[in-house]
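Engineer: Here's a structure for you.
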Amino acid sequence: MARTAVDVQGERPSAVDSGAHNPPLPPGFTTDNATNNAADTATDNATDNAQDGPDHWLDSVPTGVRSRRGVVATIIQETFGQPFFLARRMWSFVATSPGKITAMTMVISIAIFAAGYAMSLSSDGRQTQLDDLITNTEPVSYNAHVLYTSLSVADTTATTGFVQAGIESPVNRVRYNTAVDRAAVAATDTAASLNQEDGRIMELLTEIQRQLPVYTGLVETSRTNNRAGNPVGVAYMADASAMMRNEILPAAAELYNITSRKVSEQQLSVTRPQWIPLSGLLAALGMLIIAQWWLMRITRRRINRGFACATVMMLVATIWVSAANWATWQAGTQGFEQAAGPQNAMTTARIYAQQTRTTETLALVRRQSVQGSGTGFDATIIQINRAVDEYENTLHAQTPEHIALIAEVRDAAGAWQRQHEAFTEALSTGNYATAVSAVLETNAEGITDFDRLDSALSQLIIDSRAAMRTYIQSGLSATALVSYIVLMLSVASVVALWLGIRPRLQEYL
């Protein structure tokens, strides 16, 4: 017993004793395996303890794993990802009833403003074109008309003064100088109003301005020789008249025709109805009506005051624009044609009359027969009567003043025709003095029948031009406030839309 106690207290137990306290190892399991298992167990316990800490819910970031997305995919994602997300959210909102109402209001607002803005721009552009027509294009055409008629008057006056006995009368001389001065001023004014696109007009003006001093030089040379009693003066006058009728007047006639055509074309372009902007207003008005019907079905209310107010304002804008287009078209087509047509016809008739008068006086100057000239004279009288008839059918010719002028033209043309018959008969029989007396015969006021005719035709042409400018001014006045009124009504309609739809949207909040 004593031996046993000493062993327990002072000696280390033997292997036999140790085996008695530890269970035997399984077959094939060594001490090293046990050590490794103990280490793994300690690591697992440490991991479990770490997961049980305050940040155990966070995922650990693996250090060796790389993203599988490429660079292009990353750029696309970063560029379009957020907009696509916003688009999805917006579509989700539009799919709801408040979203549909909001989208509908936005679409109609954009349509109304776009239609009003387009009409405002179109009306403003039309007003600018009409202003250019009345301040530039039409005055250029009138200056060309003045140039044309003044040159013809100068030629007629020069030949008439040449056949007068003795020294030319001061009245005839003043009339000739006035006609030449007006022609020179009209040519200068016409050239000053042109631009680079009017190349042909500039060529014609250059030719007229180059030849006009040559013509006046020939006329003065013929007068000088006539006063000196030299027969060569007749040749100079004949050459001057031939130059005027064969070179200068045809150029002036072409110039007048070109400028008159430009006035007609521009007038036609600015008086056409504004179909495209007007269709935009009608489309916006139709969208408003359809939207109110749809809103009535959704909200179970008959009338939305904001939408109704916007509809009324757009209807006023549409009616205003339609009335302005109708007034402009009425003034620019029917009214303008009634004034421009007779003006051109009477201008042509006046030129024919002046050329016929020049032929008469040249026959006296050359002391030659005028057999066969009756055909040309009769054609001139027919042209005059046709122009007067065309003018008489216009509305502005029904005033007492114009009726008196028309009667004066017909009476003077008839008297000139009788005078021409007497002149032709006297000249054909060799009675030169009687022929000169027939051509230069005057009334109690000292005015020949041809001068009466020319003066009345000139006044009718002036009145026709005034009527034409009145029609252009009427078109300009019709479009004066359209651009501002339509734009203001469009903006007010958009505001009324949102004020009217606001209570309906608040019902969904």
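Engineer: Just a yes or no: is a residue in the stretch 390-397 open to solvent by less than 30 Å² (accessible area, probe 1.4 Å), within 30 Å of A339 (Cβ to Cβ), free of Cβ contacts under 8 Å to residues at least 60 places away in the same chain and in contact with a strand residue (DSSP E or B) (Cβ under 7 Å, 6 or more places away or on another chain)? Can you show your working first?
Structural biologist: Quick first cut of the stretch 390-397, residues open to solvent by less than 30 Å² (accessible area, probe 1.4 Å) only: 391, 394, 397.
Subset that is within 30 Å of A339 (Cβ to Cβ): 391, 394, 397.
Narrowing further to those that are free of Cβ contacts under 8 Å to residues at least 60 places away in the same chain: 397.
From the residues that got through so far, the ones that are in contact with a strand residue (DSSP E or B) (Cβ under 7 Å, 6 or more places away or on another chain) too are none.
There is no residue in the stretch 390-397 that is open to solvent by less than 30 Å² (accessible area, probe 1.4 Å), within 30 Å of A339 (Cβ to Cβ), free of Cβ contacts under 8 Å to residues at least 60 places away in the same chain and in contact with a strand residue (DSSP E or B) (Cβ under 7 Å, 6 or more places away or on another chain).
Engineer: Turning to a different aspect of this structure: Specify the residue that is farthest from A478 (Cα to Cα); the eligible residues are those in the stretch 266-297 that are assigned to a helix (DSSP H, G or I), at pLDDT below 85 and open to solvent by 60 Å² or more (accessible area, probe 1.4 Å).
Structural biologist: R297
Engineer: Next question. What number goes with the only condition from (1) surrounded by 18 or more Cβ atoms within 10 Å (Cβ to Cβ); (2) out of contact with any helix residue (DSSP H, G or I) (no Cβ under 9 Å at 6 or more places or on another chain) that G430 does not pass?
Structural biologist: Every listed condition holds for G430 apart from (1).
Engineer: Among the residues of the stretch 455-477, how many are of a type outside the set (V, I, T), within 30 Å of T159 (Cα to Cα) and open to solvent by 10 Å² or more (accessible area, probe 1.4 Å)?
Structural biologist: 5
Engineer: Of everything in the stretch 328-351 that's open to solvent by 40 Å² or more (accessible area, probe 1.4 Å) and more than 17 Å from A144 (Cα to Cα), which residue is modelled with the lowest pLDDT?
Structural biologist: Q334
Engineer: Among what's in the stretch 195-205 and is open to solvent by 30 Å² or more (accessible area, probe 1.4 Å) and assigned to a loop (DSSP other than H, G, I, E, B), pick the residue that is nearest to T157 (Cα to Cα).
Structural biologist: N195
Engineer: Quick check, is L147 part of a helix (DSSP H, G or I), surrounded by 15 or more Cβ atoms within 10 Å (Cβ to Cβ) and at pLDDT below 85? Full working, then the answer.
Structural biologist: Numbers: part of a helix (DSSP H, G or I): yes; surrounded by 15 or more Cβ atoms within 10 Å (Cβ to Cβ): yes; at pLDDT below 85: no.
Taking the combined requirement at face value, the residue does not satisfy it.
Engineer: Working only within the stretch 252-265, note down all residues that are of a type in the set (A, V, I, L, M, F, W, C) and open to solvent by 10 Å² or more (accessible area, probe 1.4 Å).
Structural biologist: Hits for the stretch 252-265 are A253, I258.
Engineer: Turning to a different aspect of this structure: Determine which member of the set A308, A240 is open to solvent by 20 Å² or more (accessible area, probe 1.4 Å) and touching a residue at least 24 places away in the same chain (Cβ under 8 Å).
Structural biologist: A308
Engineer: Restricting the search to the stretch 103-115, which residues are among the polar types (S, T, N, Q) and either surrounded by fewer than 17 Cβ atoms within 10 Å (Cβ to Cβ) or touching a His at 6+ places or on another chain (Cβ under 9 Å) (or both)?
Structural biologist: none
Engineer: I would also like to ask the following. For the stretch 486-501, name all the residues that are out of contact with any helix residue (DSSP H, G or I) (no Cβ under 6 Å at 6 or more places or on another chain) and either touching a residue at least 40 places away in the same chain (Cβ under 8 Å) or not in a helix (DSSP H, G or I) (or both).
Structural biologist: Here is the first cut: in the stretch 486-501, the residues out of contact with any helix residue (DSSP H, G or I) (no Cβ under 6 Å at 6 or more places or on another chain) are 488, 491, 495, 498.
Within the stretch 486-501, V491, W498 qualify.
Engineer: Given the criteria surrounded by fewer than 22 Cβ atoms within 10 Å (Cβ to Cβ) and either within 30 Å of V234 (Cβ to Cβ) or within 19 Å of the chain's Cα centre (by Cα) (or both), does T135 qualify?
Structural biologist: Answer is yes for this residue.
Engineer: What are the residue pairs meeting all of these: first residue in the stretch 288-301, first residue touching a residue at least 24 places away in the same chain (Cβ under 8 Å), second residue outside any loop (DSSP other than H, G, I, E, B) and among the basic types (K, R), Cβ atoms under 7 Å, and 6 or more apart or on different chains?
Structural biologist: Close Cβ pairs satisfying both conditions: T299/R504.
Engineer: Take the conditions open to solvent by 30 Å² or more (accessible area, probe 1.4 Å), closer than 26 Å to S458 by Cβ and either in contact with a helix residue (DSSP H, G or I) (Cβ under 6 Å, 6 or more places away or on another chain) or assigned to a loop (DSSP other than H, G, I, E, B) (or both) and apply them to D189. Does it pass? Step through it out loud before you land on a result.
Structural biologist: On the way: open to solvent by 30 Å² or more (accessible area, probe 1.4 Å): yes; closer than 26 Å to S458 by Cβ: yes; either in contact with a helix residue (DSSP H, G or I) (Cβ under 6 Å, 6 or more places away or on another chain) or assigned to a loop (DSSP other than H, G, I, E, B) (or both): yes.
In short, yes.
Engineer: Kindly indicate whether any position in the stretch 206-216 is under 18 Å from E168 (Cβ atoms), touching a residue at least 24 places away in the same chain (Cβ under 8 Å), surrounded by 12 or more Cβ atoms within 10 Å (Cβ to Cβ) and not polar (S, T, N, Q).
Structural biologist: Yes.
Engineer: Contact list please: Cβ distance under 6 Å, first residue in the stretch 357-385 and at pLDDT 80 or above, second residue open to solvent by 30 Å² or more (accessible area, probe 1.4 Å), pairs at least six apart or on different chains.
Structural biologist: If the second residue must be open to solvent by 30 Å² or more (accessible area, probe 1.4 Å), the pairs left are T380/Y352; I381/Q417; Q383/Y352.
The values are calculated or read from the model by the stated rules, or taken from the named source; none is laboratory data. Model, not experiment: these values are computed from the prediction. Don't worry about glycine lacking a Cβ; one is built from the backbone with ideal geometry, like all the others, and counts go over all protein chains shown. These accessible areas exclude ligands, DNA and RNA; they are computed on the full protein's heavy atoms, side chains included. Shrake-Rupley method; radii C 1.70, N 1.55, O 1.52, S 1.80 Å.
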